[in-house]
Structures are given as structure tokens and as C-alpha cells.
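**Q** Input: one structure, supplied below.
Laboratory data are not the source of any read-out in this text; all were calculated from the coordinates shown. These figures come from a predicted structure and were not determined experimentally. Note that we place each Cβ from the backbone using ideal geometry, even for glycine, and neighbour counts take in every protein chain shown.
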Amino acid sequence: MLSQIRPAIVLLVLFTALTGLAYPLAITGIAQAVMPNQANGSLLTTSAGPVGSALIGQNFATDKYFHSRPSATQAQDPAHPDDSSKTIDAPYNAANSTGSNLGPTSQKLLDRVKADVDARRAAGATGVIPADAVTTSASGLDPHISPENALAQVAAVAKARNLPEDKVRAVVEANIEGRALGLIGEPRVNVLRLNMALDALTSS
Amino acid sequence: MSTNAKAQGLFDPKIIRAAALDALRKLDPRKLAKNPVIFVTEAVSLVVTGFFIRDLITHESSPLFSGQIAFWLWFTVLFANFAEAVAEGRGKAQADALRKTRSDTRAKRYVDSKNLSEVIQPVNAQDLRVGDVVLVEAGDIIPGDGEIIEGVASVNESAITGESAPVIREAGGDRSAVTGGTTVLSDHIKVRITAAQGSTFIDRMIALVEGAERQKTPNELALSILLSGLTLIFLIVCVTLWPIAAYSGTVLSVTVLIALLVCLIPTTIGGLLSAIGVAGMDRLIRFNVIATSGRAVEAAGDVDTLLLDKTGTITFGNRMADEFIPVAGVTERALAEAALIASLADETPEGRSIVALAKSRYEIAAPSLPPEATVVEFTAQTRISGLDMPGRVLRKGAVDAILAQSATTGTAAPMRNSGGAGVLVRQATIGDLAPADFRQAVDRISRSGGTPLAVSDSGRLLGVIHLKDIVKPDIRPRFAELRAMGIKTVMVTGDNPITAAAIASEAGVDDFLAQATPEDKLAYIRREQQGGRLIAMCGDGTNDAPALAQADVGVAMQTGTQAAREAGNMVDLDSDPTKLIEIVGIGKQLLMTRGSLTTFSIANDVAKYFAIIPALFVTTYPELGALNIMGLSSDKSAILSAVIFNALIIIALIPLALKGVAYRPVGAASLLRRNLLIYGLGGVIVPFIGIKIIDVLISALHLA
Amino acid sequence: MTFVGWLQIAIVLALVLATAIPLSGYIAGIYAGKDNFLSPVLRPVERGFYWLAGVDETREQSSFLYAIALIAFSIAGFVSLYALQRFQNVLPLNPQGFDAVGADLAFNTSISFITNTNWQNYGGETTMSHLTQMLGLTVHNFLSAATGLAIAFAFVRAFARSSAATVGNFWVDVTRVSLYILLPIAIVLALVFVALGVPQTLAGSVDVTTLEGAKQTISMGPMASQEAIKQLGTNGGGFFNANSAHPFENPNAWTNILQIWALLLIPVASVIAFGRAVGDLRQGRAILITMAILLIVGVGVIYWAESAGTLGLTALGLDPSAGNLEGKEIRFGQAMSALFTSATTGTGTGAVITMHDSLTPLGGLVPLFNILAGCIWPGGVGAGLYGFLVVAIVAVFVAGLMVGRTPEYLGKKIESREMKLAMFAVLIYPMVVLGFSGASVLLKTALDSLNNAGPHGLSEIIYAYASTNANNGSAFAGLNGATPWFNTTLGLAMLFGRFAYAIPVLALAGGLAAKKKAPASAGTFPTTGPLFVGLLLGVIVILYLLQYFPALALGPVVEHFLMLSGKAF
């Protein structure tokens, strides 16, 4: 039985070196050399510098921009910095990632959605509300919204920016990504890219 | 199959009454501990009874409900006991009939068993010991199992076999064994006792049918483990249900949890398992087969290959001399005379038939044995016998053996492995050494299925004797049946290959082993077993004993020697080799009944869940009423109906357990499909209907 | 449900099958010790490993020694991973400056990764340093998968061989699987992931200023390399808390397809390889078809339930056409989410692209049922195959009696010893899952961890224990498992689920290997063909339904009915 101890330890050490160091470091080296943009997070930049990642969602609170989906990510409560259980809502906190984990029979969920829906109705939304507009994503960092959601926000954004609606709509439609090969993926709009395009429109 | 007066109907009222009492006696927990499923049921029945008494006193919950649950739980246990008791009861009836044959017999024992002088002392049969020699005369009952060492008699064995036609038992040869309890009808015999009182055949037969000391067979053990495992699982399910239900706002009473537990654990098969086993052994005896262990019966169901001795099993075995064919230059009479002398000391039926033919056809007087003559005994290795007289060396035996000996006087040719088949052949062949007419005669005899026996005098070939062998009729269809079950049949014989081939094709076996010595048989069995196959064989001679012992299922003929009967693990009282088909069928039926009822028992649980779970929680979650697909009237009646069904299904299935599931000799795939549909699918559907009916009755009677 | 959705599902499954078939031949070669096209490069490395470790690759081990080796290796792994976590604050490669991981969390995490569960009571980006992620978690992603497949190899040899005293060499099996199967595919997969957008960097995070002028700190790390082996080895432990829902771990539909493909690949290939090893492809095919049916039915149920949406939300004015989007990502869609969810719980991976806690009751019932059954369609790397074979043995035992023969599977008789071991293994699951769940609902500390009240809360607890016991690792993540009670009990559940199952399986292997193989005949119970598939399906459904019906009735089933009647908790 004792004869099994040596192979256990030695193989563990060898594989730790191989798969724990050599493998990830090698992949990192190749990635950084050959595919630096993806390897470093697919960052998007403007003249002011990096404004975000093409893959990571962001929180847009003002009316001038299209809004992302609600996000359930949290951050440390600054009033209680040492108590890890005290957190505050911090949508699109990319140092964290979480969903709401509320089930379909959760009163909390129904209340939260109801509040969001009421807010929208108050802001003038009519008809059915796009589902993704009031539901949180699994990661809390979803960079996309549905085309319906984007189009529903056109009126408010156009008004805030003093632009004609069809111009804004055109920007939206130019940023709708469809299914690759008609089959792979879902119709979606990247909110950050959309807002960057919007800014480019306004500045031009 | 002989008509067995011991057969009785399924519901003999005497047995039922005895079984009912026995069922109560089996409530003793020490007895029930052997059956974990029913033991658990009994334990929880006690608990529920306790709650019932408490309810009577304090009225905490409805005593009518807990009382009925307790009642039906006790009856579940009782029904299970009853099933076992009925099966054992039928077996006991057989045993009692057998015991009657072992009445107090007086035996005539020779005081000095080595030196059979005429001093005889009368003793009780019970006091006989192994090795004693007794004299049994016409009209006497043979006092114990033994071997005839001198004499020949006709014996009435109806006490054992039920067959009233007498059989011949004689010293030497393959029919020297006698069983205690049988009656000598004519002549007298001297018998050496080979089995002490208490371990004779009848004793063993009785032990097999009296379920009390019955040990669990291997497959039964494995199945019991499965059932115990399931019981444990359901115990866990029910115990943990209490806190989970509490979380969901329901407080479950212990009574109701116990009701759920008993419904879930496989009480149906748990209660019927031993009954199935006992009934299987009982069925075997009805077919006049004694097995010395239940293990052998299970192995019978698994048999892949069947080894059958030609002589006595496939053919009638009494090869009779039919004609003397001399070589050129020798007269028939001379051949006959030589053959007669060579067979003088030959006690075998063949030898005697040669003497008889020579006497009758050629009117040769049978000389007595000259004092200087030495007898050369027949051995299976040399396959030659004969007589050495002054001036003459007379030999008769297998053609190739005689020829080989003629070529090299006195010694037999060495054996040589012929390769592939593993059948050892002599170096000399007929073609090399014999004259043409001799060869033709041997060929003719062989091709007609007879056995040629060559005769030589002092190294000179005299001629050949034609021994005729007769194949038993209606053997072909039985072998075809075996083939359909996936069992291969192989004929074993000491004959030469041509003879063997003729008989093999007439009998319809799949393969044959010719010129086989006992070592060949043993080697063949070992080879099959190496290949992972299970092999069964029938035999009756002493030279069959090693092979019978090695085989997985060894069936000895009742008409065989004691050695054969000791070596095998089954004895066929009818001495019918094709009985093996019935034995295989019973073995398979035993396993099939177990499997079908197990499947049924487990499948039943599905419906019981649909009855009980909504009943348990519908007060807290009325929405769960959607699961009440049987539309049971109230939660109490639902639980009670399930418990009642669980109890009644045991009684309902007792006839099936005792009779066994219908067995057909077809392939496994169609068997599986059929049984899966009936017992699997049926097991899921039947309780839905049953529970619903009981529920309707209960609510009509306002019992819950 | 849409036609396009089903087409997406069909394409991924077809891709899996098409690649699994050639891979099965490759795996069969590894199992048998044969050379392959990578041998020129890897054989020297392999031999070097053996030389350093003192392993004689020509010497095989009995099942007992094999088990000892397994235990020794696992203990070594546990100790090293535990130490890594507890000392990560003083070790290098800790750019975020994380503290040492707490004792009970470190215990839980160590057991979790050794057992291929990868249950994470922590969020990776807030707790684990890069060194720990690389040296601890990535390494054990490889090794736990290799260990699982090694055990499966031993078990398959028990059926393939006749009258054998040994079942293989644990060290050889683990080394060969890691070097020849896991590492090469992981390397390729990792690079493809990077190309498709998965980051791979040693930086801790990057700060950006949003268009609105706010600051966003984006966590980074060497995640492509971990992602590849996480899926390939059916581990499931994500770099981030949101696992494969996180846009960095799974940026787009292409990476998603690759992730599903990767997690199904080796389990499916192993089943086909099993058929090759016993010399009858139909045996493997029968098992694979059974697994496929159970998997695809599950996909269908989830897809249907999630597309129907949540009644309560639709009543508030939400557009029902997109279905239930709470806890889902836009870029994947309902069809792929359903496939991922079913596949991840059918295999024992446990990675998620949708939050299982937010699934509809019936949508959540499927992953729960999958893991209650032990994740055996097609199951984790190795563990799925031997898990399924144990169930097949029980099924063959009961049904085999019905054809009038002593039950036998692949020519090996199933007798008392086999039943004892099989029942022991089968018993572990309900004992652990129902036992711990029952205890938890009685304890305030456990109930405080719930994120949902009512039946959904019960589901959270049962799911947690079922997931850890089956070594899956997914969760109804609302449950806060980072408490001493849950860290300990979930850790024990993982331990039992892996070893109290694997040890009996190895004992079974030893006994079966020593038996003689009986040849098939017209009287043998057929273990190929539609009848056997039907039997397996029936046994599996009934067996697990019987054990868990009450718990399921009080959890997802009643929740479904309550949802339909509009109740909320």
C-alpha cells in the first residue's frame, strides 16, 4: 500500500507543473502574442480611452443613452466596508457577476417586476413590455438587449437627444445582429456599441 | 412421467387449515428475521398497533383509521406467512407419504460382513451401519440404501417411484444399487449398506420438501439482497419525508408514514419468495426427480450443453448379441464357441446375451470354468475382456482394440491424441490389419447402428459379433425442444465413430463423442466449463461418477449404480434421460417466477404513490389534488385502499407463486417481451384499478 | 418552441456524435495501451513521468490496489489544494490581493474539485487568486476527469476480460488519459476560445470609464485555458461566479456551441468506446440510445416549459413570446439554454448559462431529476459510464430472472456479491440526499440560506445535495452555501457521492473480472435492441421516481400547480 504514496505525490507535482503552470502560461503567451485584442477583453475605445468591453454590459442611467437590462450584481456597502454580508445594488459591477436567483413563484420577483413595469407605463410605454427589459440576466453583465427592447426605447432616446426618431431607429437597425448562417445565435443588439454609434451620430 | 398419487390440487382444505395455523406460528420474530421485508412489516405493525391503542384511549386521531391500518398491516404479515406455510404444507404431505415407507423394518444382517458365512442376526433397520451386509429374500423390504454384491432379484420400487412394474437389480454392472424401502419380489440378494439411517435417499428427499431447514439458494440470496436494499431505500424515503413535509406545512402522523412505508417496500415478492422456492422443489418431485440441493435446480435453468450417455439413455442399453460373423477360414460354430468361452466369466448383459445366443443357436453346451483359467476382466481403458486357458488366449472386445492387440500380442496399443476433437484413438486402424471380409462385416454392422465385437483366439482373429442397439423412440422431438431453448445436445459413447454417427443422426443430437473413455467425458466437460458454459449430464454407471461430479448438473438414473447416484446432484426416479428437459424447464420456471413477481411488486409502487402522496398533502396544497388521477374519495380512504390492496395482492398471487409462471421453450427475447408486458406493464396498471375498486367499496361502507 | 430552435439543438447533437465516433476509437486505443499519432511526442513525456514516479507500466493492479491508488492520489490532491487556498495570501500571482480562503470554504472547495464536482460556494473573481485558479482548480479539472475515466476503464476491463486477476494500472490510466486525451484537446479548444473572445491574461482587472463617465472595473484572468478543461472534463467550475453565463467565459453562440460540444464529447465517446472494448458495438449503442432519449426528452421539457414563460409575469404585461427570460442571457436563446441545462445536468458538468434557480418549476424539474438520478445520461467523464452500468446491472438482475436464467450481463453472472455492491452504491444517493435535506429543513441556519420561500426553497436545498452527491456542481444558486453547515454537509455529500460509489464499483470490477465469460446463446438475456432500451428506460424512470417522488412532489411539482393558480411566496 505504501508503494502508492510515491506515485501519488510525484504525479501530482508533475501534473501540477504541466497543467497548472505550463499549460495556462503557454496558452496565455500564445494568446497575448497572436490574439491580443481578444485575450485582453475585447476592449472598445474612443478618443478618450477604453470605455468598456464589447462583451461586458454596462449600466446606462441617463435618458440620452439606450438602457441595458436590469442587473442583479452587488457591491460592498461603503458604509460597512468590513462586513462582507452587507452589500448594495450595483448593476453591471464587472468585478462580480450574479443573477437574481429568484424563482417564478417568488413574491420578491413579482414585486420587482411590477415596480419596473409601472415605471415604464408611467414613462409612456404602451402594449406589451419586452420581457428582457424588466428581467435580470444570468450574469448581471449581459451586454445585449433584444431588438424589440431597443426599438421600444427609440422614442425616449430621440426625445432626449433632440433627434428625429427615424434617424435613431436607423442607428438601431444598423446595430441589430442576426443569426449567423440564419441559424446560429439569436437576434440581439449590443448596447455599448449602439450607444457609441449614437454618440458618433450626434458628434458628426 | 408416472402418475404420482402424491399429486394434489392447489387448495386441499386440510393443507389450508394447517397453513393458516402455521401462519400464526410464523409470527415469531425469530422465524421472521430470515425475511427482512416481512420482518420490517411486522415491526411497524406493532408500532401502529401501539398508536391504535393510544387513539382508543386519547382520541388524538381517528381510532377507526389507525385500527384498520393496523388490522391490514397484520394481515399483510399473516398473508405472507400463509403463502410460505401453504407451500411447505404441500411439501410436508409428500414427505409424510415418503416417511410411511420407512417403517420399522427388520433386517437380516451377516455378523461378519467380510466373510459371508451363513451367520445371520436379525436387527432393526435403524441399527444398520455403513458396510454391513444384509440378506434380502423374496417378500422382504430392503432395509437401507445399498449395493448388491451378490445375486439378482426383481424389485418393486413403487414406494419411491410410484411405478409398480418391477425392475431387475443385479450385482456387477450398472444396476447394482438398491434403495431402502423397496420390496424384493423374487430371488434373493446380498446387499452392502452404503448409507446410514438419516442420510438415505428418502431422508434427503424429505429434507428437500420440508421447508424448515431449507437454505437459501444462491439466486434467492442475491434477490434477497436486492429486496433488503430496496427496503432500506424506502425506509430512508419515509423517514426523511417527515421533516420535508414539516417544512411544507404538513405534520404527518407516524401511522400514515408507516402505511406509506409498507406500501412501498416489496412485500409482495418478499412474502412470496420462499413459497416460490419451496413450490419449485415440490414441482421437481412431482416429476419424480430428487435434487440434493436447490442450487442444482437453479443451475439447471442455466444449462448450455447436455451430455447424454448413449447406452441406456438414448438407446435402451441392452445390447443383445444378434449374429456371429466369422472371417474366412473359420466356421460360425467355432466363432460362437470361442465367444462363449470368452464370455463365461462376463457378468454383463452383453456377455450373457452372447452366451445365450451361442447356446441357443449353435447348441453349444456351456462348459464350466476350468480351474486353471484366468479371467481377464473388462476395463473401460482396454475395452477388452476374455479368458486365459492352457493353450488358448481368448479375447473379445472393441474391434480396434482387438486388432491392436493382435498386432502386438498381449499389450494394447498406446493412445494417441487425434488433434482437434481431443478424442483419443488407437494407433492401429481396421484397414491395416484385418482381412477384407472382416472389414466389410464391421462396416455393415456399424452403419446399421450396431456394435461390432471382435473375437480373437491366441492372437488370431476369429470373427465379429453383432450387438444390436435400439434408440428410444420419441427422442428426436425432445432434443429439438432443447435446441429451441438454446441447449446443445451431445451423445457420448464408447462405440466407434461410424456407429456413433449413425445413432447420432437417428436420435437427432447436435454432436457426439465416439470411442470415449470416462477420461474423455471428463475432459470434454472441463473444456466446456473453461469456455464458460454450464453442462449437464445424465449417467448411470460407476464410470460415470467422475463426470457426474464435475458437471454442473449431474442427473443419475435411479436404475444406476450407487456411485453414480452419490456423484450426481439429482436422481431421476424414472430413469428417463429426456427428463432433463423437464428439469431444465422447472429450473427456468423457478427463476422466471421470481423475476416476474419481483418486477410486478416494484411496478406496483407507482400506482401506490399516486394514491398516497396527494392524500398526504392535499390539505396543505389543494393543488396537489391534480395528482389524484384515480379520483380517490378522501385522503384516509386513499391510504387505506393502498394498504388493503398491498395485503390482498399477496393472497391473490399465491396460486401463481405455487404453480409458477407459464414456461415455454422459446428464445430469451420473446420470453422477456412477454413477461415484461404482463408483469412490468401489468404491474403498473393493475394496482390503479385495484386501489380504485377498493376505494369505492370503502367509501360505500363508510369505513374511512 | 420554434423550428429554428430545434434545428440548433439537432446541429449540436449531430456534431457531438460525428466527432465522438472517431474519438471513441482513439479512447479505446488509450484504454488498451496502444500507440497513436501523438505517441512520438508524448510517449517520452509519459515514460519520463513513470520513471520519476516509480511506476512500472507493465505491472497491472488488482481492484483493491487500484482503489488504494485512487485514494492516495485523491488525498494528495486534497491536501495540496487545501494548502494552496489557505496560503494564497502569501503566494504569488495574487493581483487582486485576496485573503486566505476560510477553513470550511477551503475544505468544501478542495473536496469539490477533487471529486469532479466543482461546486463553488464562492465567486471566483472575488475569492480566488490567479495562482489558486491555475495551480489548484485547473489542475484538478484535469486530474479529477482523468481519475473518473480511469475508474471507468477498470470497470470496462472487468467485462471485457475473463478470469482476470487485475483491472489495470491506475497510474498508467490517469497519466495516459491526461496526456493523450485531455491535454491535447484542451490546448486546441483553449486557443479557439481565445480567438472567439474569451480573455487569457495574467492581469487582475482593467478599469474603464463608461460613456456616462462612471468607472467600471472589469475582472480579468487566464480563463480560456480553464474554460476549455472545465467543459471538456465535465468539471463545471467557472472562473466567475456566473459561470458560463458570464460574457467573458462564453461570449457568443459559437463559444456556446463549443462548450456544449466539449462537455458531451468524452462521455458520449466513452460509451461507444465501451462497446469497442467488449467487442460488440451494439452494446454501447443500446446504452447510448437510452441516454440520448433521456437527454433529449429533458431538453424538450425544459424548452417547452421555458418558452411558455412565467404566468405571473405575463399577467403583469410582459411579452410572452420570448418566454421566461429571468436569469437568461440574450445571446443564447431558449433552445440553446434548454440544451445546455439538460446536457450540463445529464453529464455532471454543472456549468450553467442560465440561473437554474430562476427556471420555471417544470423547467427546473428536469435538471433536478437528472442529478437525482446521478447524472448518468451520458454522465461525467468516466463516472457517467460506470454509473449507468451499475443501474444496468440492477435492471438486468431483475429482468434477467424473467427469461429463466441466472442474470448475467455481457456474459458475467450477477450474483450475491454483485448485488450487495450495486445496492450499496445505489443506496448512497437517497441516504445522502434525502438525509441531509431532511436535516437541513429542520435547522434554522440552513433555512436562513434560502433565497426563495415555499416549495422553491425546498427545491433549492434538495438540488444542492443532489448536485453535490452526484458530483454535478450546478445549483439553484440562490442558496447561500457559504455557511459552516452547508460547507461541511455539502462537502461530505460530494465525498460520499464520489468515493462511496467508486470504491464499490472497483470492488465490483475485481469480482466481475475474475469471473469466466459465458458465451451467448438463444437463451441469453438480450442486452441490445429496442427491448433492452425500453427496459432500461422503464427501470431508470421507475427506480428514481420511486425514491424521489415525495420530495419532487413537494418541490417542483407542487410549485408548478401553485404557479398556475397564481400563488407566490
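**Q** Would you please calculate the Kirkwood hydrodynamic radius of region A:1-40 over all C-alpha pairs and express it in Å, rounded to one decimal? Could you put the intermediate results ahead of the total?
**A** Working: mean 1/r = 0.0846 Å⁻¹.
11.8 Å is the Kirkwood radius here.
**Q** Please average, across the residues of B:678-690, the number of beta carbons from any other chain that are within 10 Å of each residue's own beta carbon, and give a whole number.
**A** Taking the mean over all residues of the peptide, I get 1.
**Q** While we're here: On the Cα set of region C:439-554, report Rg and Dmax in Å, please.
**A** Answer for region C:439-554, Rg first and Dmax second: 19.7, 60 Å.
**Q** On full extension of the chain, what length is gained from C:F569 through C:I11, given 0.36 nm per residue of separation minus the C-alpha to C-alpha distance? Mind showing how you got there, number by number?
**A** Numbers: separation 558, 0.36 × 558 = 200.88 nm, distance 3.97 nm.
Result for the pair: 196.9 nm of gain on full extension.
**Q** What does the net charge come to around B:D388 if you take all other residues with beta carbon closer than 10 Å to its beta carbon, with K and R at +1 and D and E at -1? Show your work: numbers first, answer last.
**A** Working: positive: B:R392, B:R395; negative: B:E372.
With Lys, Arg at +1 and Asp, Glu at -1, the neighbours total +1.
**Q** Give me the net charge of B:R90's neighbourhood, meaning all other residues with Cβ under 9 Å from the Cβ of B:R90; Lys, Arg count +1, Asp, Glu -1. Present the calculation step by step, with values, prior to reporting the outcome.
**A** Details: positive: B:K92; negative: B:D12, B:E88, B:D282.
Residues near B:R90 contribute -2 overall.
**Q** Per-residue Cβ counts within 10 Å, from other chains only, averaged over B:582-595: what number is that?
**A** Numbers: counts 0, 0, 2, 1, 1, 3, 5, 1, 2, 8, 5, 3, 4, 10.
Counting Cβ atoms of other protein chains within 10 Å of each residue's Cβ and averaging gives 3.
**Q** Taking 20 °C and 1.002 mPa s as the conditions, I'd like the Stokes-Einstein D for region C:3-564 in µm²/s, using the Kirkwood hydrodynamic radius from alpha carbon pairs.
**A** Values: Rh = 23.7 Å.
Calculated translational D: 90 µm²/s.
**Q** Something else now. Roughly how large, in nm² to one decimal, is the mean projection of the convex hull of the alpha-carbon atoms in the protein assembly as shown? Write down the numbers at each step before the final one.
**A** Working: hull surface 263.4 nm².
Mean shadow area of the hull around the Cα atoms is 65.8 nm².
**Q** Take each of the peptides B:632-638, A:115-121, average the number of other beta-carbon atoms within 10 Å over its residues, and list them starting from the highest. Intermediate values should be presented prior to the final figure.
**A** Working: B:632-638: 21.4, A:115-121: 14.1.
Per-residue Cβ counts within 10 Å, averaged per peptide and sorted highest first, yield B:632-638, A:115-121.
**Q** Quickly rank C:137-145, C:525-533, C:399-407, C:430-438 as a protection proxy: mean count of other C-beta atoms within 10 Å, highest first.
**A** Numbers: C:137-145: 29.0, C:525-533: 19.1, C:399-407: 27.4, C:430-438: 23.8.
By packing density, highest mean first, the sequence is C:137-145, C:399-407, C:430-438, C:525-533.
**Q** Residue by residue, what Karplus-based ³J(HN,Hα) values in Hz, rounded to whole numbers, does region A:104-112 have, using 6.51, -1.76 and 1.60 with θ = phi - 60° and x for Gly and Pro?
**A** My calculation for region A:104-112 gives x, 9, 7, 4, 4, 5, 4, 5, 4 Hz in order.
**Q** Listed highest first by mean packing, meaning other Cβ atoms within 10 Å per residue, what order do C:460-471, B:176-187, B:619-630 come in? The partial results should precede the final answer.
**A** Values: C:460-471: 30.0, B:176-187: 21.5, B:619-630: 16.8.
Ranking, from highest mean packing down: C:460-471, B:176-187, B:619-630.
**Q** Using a simple charge model, +1 on the beta-carbon of Lys and Arg, -1 on the beta-carbon of Asp and Glu, nothing else, what dipole does chain B show about its Cα centre, in debye to the nearest 20?
**A** Values: 66 positive and 71 negative charges, 265 e Å.
That gives chain B a dipole magnitude of about 1280 debye.
**Q** Using the basic label-point model (7 angstrom from Cα toward the beta carbon), what is the B:K114 to C:A18 distance in nanometres?
**A** Each label point lies 7 Å from its Cα, and together they span 9.1 nm.
**Q** Right, something else. How shielded is C:166-178 by partner chains, expressed as the average number of their Cβ atoms within 10 Å of its Cβ atoms? Mind dumping the intermediate values first?
**A** On the way: counts 0, 0, 0, 1, 4, 5, 1, 0, 3, 4, 0, 0, 5.
Taking the mean over all residues of the peptide, I get 2.
**Q** Right, something else. Given the alpha-carbon gyration tensor of region C:383-447, what are the semi-axes of its equivalent ellipsoid in whole angstrom, ordered largest first, with each equal to the square root of 5 times an eigenvalue?
**A** Values: eigenvalues 233, 25, 16 Å².
That gives 34, 11, 9 Å for the three semi-axes.
**Q** Let me ask another. Around A:D199, what is the net charge, scoring Lys/Arg as +1 and Asp/Glu as -1 over all other residues with Cβ under 15 Å from its Cβ?
**A** On the way: positive: A:K64, A:R161, A:K167, A:R193; negative: A:D63, C:E212.
For residues surrounding A:D199, the net value is +2.
**Q** To continue, here is another question. List the residues of region B:666-704 whose backbone N lies under 12 Å from a point placed 7 Å from the Cα of B:L648 along the Cα-to-Cβ direction.
**A** Only B:687-699 fall inside the zone, counting backbone N under 12 Å.
**Q** While we're looking at this one, here's another question. I'd like the Karplus ³J(HN,Hα) series for region B:467-477: coefficients 6.51, -1.76, 1.60, θ = phi - 60°, whole numbers in Hz, and an x wherever there's a Gly or Pro.
**A** For region B:467-477, the Karplus-derived couplings read 9, 9, 10, 10, 6, 5, x, 6, 8, 4, x Hz, x marking Gly and Pro.
**Q** Let me know the Kirkwood hydrodynamic radius for chain A, please, with Cα pairs as the basis and the value in Å to one decimal.
**A** Details: mean 1/r = 0.0491 Å⁻¹.
Taking every pair of different Cα atoms in chain A, averaging 1/r and inverting gives 20.4 Å.
**Q** Using only Cα atoms, what is the ratio of the radius of gyration of region C:274-373 to 2.2 N^0.38 Å? Mind dumping the intermediate values first?
**A** Numbers: Rg = 16.1 Å, N = 100, 2.2 N^0.38 = 12.7 Å.
Cα Rg divided by the expected 2.2 N^0.38 Å: 1.27.
**Q** Per residue, how much space in cubic angstrom lies within the convex hull of the C-alpha atoms of chain B?
**A** On the way: hull volume 121.4 nm³, N = 704.
Expressed per residue, the convex hull around the Cα atoms of chain B is 172 Å³.
**Q** How much FRET efficiency would the formula 1/(1 + (r/R0)^6) give for B:S670 and B:T58, where r is the Cβ-Cβ distance and R0 is 51 Å, rounded to 0.05?
**A** Details: r = 59 Å, r/R0 = 1.16.
E(calc), rounded to 0.05, equals 0.30.
**Q** Per DSSP H run of at least 4 residues, take -39500 (n - 2.57); add these up for the protein assembly as shown, divide by its residues and hand me the 222 nm value, nearest 500 deg cm²/dmol.
**A** On the way: 52 runs with 776 residues, N = 1477.
So the helix-based figure for the protein assembly as shown works out to -17000 deg cm²/dmol.
**Q** OK, next. Counting only pairs 8 or more places apart or on different chains, how many lysine pairs in chain C have C-alpha atoms closer than 20 Å?
**A** 9
**Q** Next question, about the same structure. Over region B:253-309, how many percent of alpha carbon pairs lie in each 10 Å bin up to the one with the longest distance?
**A** Using 10 Å bins, I get a P(r) of 18, 31, 22, 15, 11, 3, 1 for region B:253-309.
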